[in-house]
1. Could you tell me how many of the residues in the range 121-179 are under 21 Å from Arg64 (Cα atoms) and either without any contact (Cβ under 8 Å) to a residue 12 or more places away in the chain or of a type in the set (Val, Ile, Thr) (or both)?
2. Specify which of the listed residues (Arg158, Arg87) is in a loop (DSSP other than H, G, I, E, B) and either touching a Phe, Trp or Tyr at 6+ places or on another chain (Cβ under 8 Å) or modelled with pLDDT of 95 or more (or both).
3. Only one residue in Phe266, Phe286 is exposed (fewer than 14 other Cβ atoms within 10 Å of the Cβ) and among the aromatic types (Phe, Trp, Tyr), so which one is that?
4. Which residues, taken from the range 59-69, are surrounded by fewer than 16 Cβ atoms within 10 Å (Cβ to Cβ) and part of a helix (DSSP H, G or I)?
5. Would you please name the residue that is least open to solvent (accessible area, probe 1.4 Å), looking only at residues in the range 325-362 that are over 23 Å from the mean Cα position of the chain (by Cα) and aliphatic (A, V, I, L, M)?
6. Does at least one position in the range 183-199 carry a residue that is surrounded by fewer than 16 Cβ atoms within 10 Å (Cβ to Cβ) and either assigned to a helix (DSSP H, G or I) or at pLDDT 95 or above (or both)?
7. Please go through the range 209-237 and pick out each residue that is touching a Gly at 6+ places or on another chain (Cβ under 6 Å), modelled with pLDDT of 95 or more and open to solvent by 10 Å² or more (accessible area, probe 1.4 Å).
8. How many residues does the range 285-324 contain that are in contact with a Lys or Arg (Cβ under 7 Å, 6 or more places away or on another chain) and at pLDDT 90 or above?
Amino acid sequence: MDPSISPNGAAAKTLIGGRRQRFYVVWACLLTVWIAVIGAIAATMPDLYFYSYYSVDYSLGFIRRGLAGELPGALPWDYFTDLEILRWVPTVLYSLALITVAVTVGRRNGTSERRLMLALSVPLLPFGFVFALFSARPDLVGAASLAVFATVLATSLRSSRTVLVVSAIYGLLNVPLTLIHEATPFLFSLGAVAVIATFARHCSPTAQRLSPALALAPGLLAGLAVAMFGRRGLSAELCTMTPSGSINNPLAGRPTFDQLLHGFEFNIDYRDWICEFIYPYFDQGFGDAVRFVAGRGVLPLLSSVLFGLFVFAVTMGAVSTISGVPLARFGRLLRQRPWWVLAGSVLLVPVFLTGVDWTRWWVVISYNLGLVYLLFASSQLEAAMPATRCNLRVFAAGTALLAIFPIGLIPGFAGVIPW
């Protein structure tokens, strides 16, 4: 049987011995404790940077991220309570999407030990739970949307009509997400075309041609509209419209590590902070952003790329080693649609040109391809085989190291920290 063909849903279950069952129970308990500790740490961190994504609305006309700024007014609480809630929305949605992927990977085509290990590794991968907590920007909602899109195509009957309808829904959903964060369609286009190339390859040629356009075009057109028609030069007006309020920002006080551990507080005025560190960027055009990135210097940007490549290699290598499914097999599927993959890759270029968090962009690339690879690997014959001692050792050691050193948390070496 061709190993690239998925086994059917009635695949025989691989029995897990009692000793290994106890190992996975203990491991799951440790994972739960780890999630609770990381979540508690995140809850104590200052959130005002994430608040800033929701502080610009359409009061002064069409402006980038203006739809995000309309959300606080739609909630029934006061302005800063609304911001506190909205800060956690991307994290919750992204975490739910990761859970969906993990459950799909673990239970798809029958339970096996390798599929169980793949599922349990999802929270610890570079794009996993830590990334959801400490990179809680609104574009995470776009990442969650991609996860649902991939899961639906991976588990559906894959008829041409299903692929076209799901692709169209995904594309239309990207329009409001782009108005909330303009980078969303550019960040996740590579993942969308990888999903279609991997899970829609049995559809009609017409569906295979139309589905990428349906999935990508709406969001990209919305992004183009933001770039061409979004108003600039409004930082002074935005500043006067922002409510004033006391916000805890410990980092602005340059605390010691001991002070941070004991809950050091340093209150600042939110309006003063956002007027100094955030609103000036809304006056920039594309060329201004490119010059800003170039001004960070070659060494920090190159260091970010090299570390990002390491993150990508860890992600793909972990999936390949745990599942036993060769990465080359997944690569062959992508090479069958080279123009799609090239287009998805090229669409990432504007993100690199206008944003300094280059390692973060590589974490997103790891998510785009690692997500699809996870779902693909779980459907392969190797994933149904009993786990070897090597599989188990790599899983235990690798996940432990990723828990201790969450490499997906590092945004890059050229980033700017707004105090």
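1. Count: 3.
2. That would be Arg158, the only listed residue that is in a loop (DSSP other than H, G, I, E, B) and either touching a Phe, Trp or Tyr at 6+ places or on another chain (Cβ under 8 Å) or modelled with pLDDT of 95 or more (or both).
3. Phe286
4. Result: Ser59, Leu60.
5. Checked the range 325-362; the qualifying residue least open to solvent (accessible area, probe 1.4 Å) is Val325.
6. So far as the range 183-199 goes, no, none of its residues is surrounded by fewer than 16 Cβ atoms within 10 Å (Cβ to Cβ) and either assigned to a helix (DSSP H, G or I) or at pLDDT 95 or above (or both).
7. Keep residues of the range 209-237 that are touching a Gly at 6+ places or on another chain (Cβ under 6 Å), which gives 214-215, 218, 231.
Right, trim to modelled with pLDDT of 95 or more and you get 214-215, 218.
Answer for the range 209-237, where residues must be touching a Gly at 6+ places or on another chain (Cβ under 6 Å), modelled with pLDDT of 95 or more and open to solvent by 10 Å² or more (accessible area, probe 1.4 Å): Leu214, Pro218.
8. 3
The values are calculated or read from the model by the stated rules, or taken from the named source; none is laboratory data. Given the structure is predicted, the values throughout are model-derived calculations rather than measurements. Virtual Cβ from ideal backbone geometry, glycine too; neighbours counted across all protein chains shown. These area figures cover heavy atoms from the full protein model, side chains too; ligands, DNA and RNA do not enter into them. Shrake-Rupley method; radii C 1.70, N 1.55, O 1.52, S 1.80 Å.
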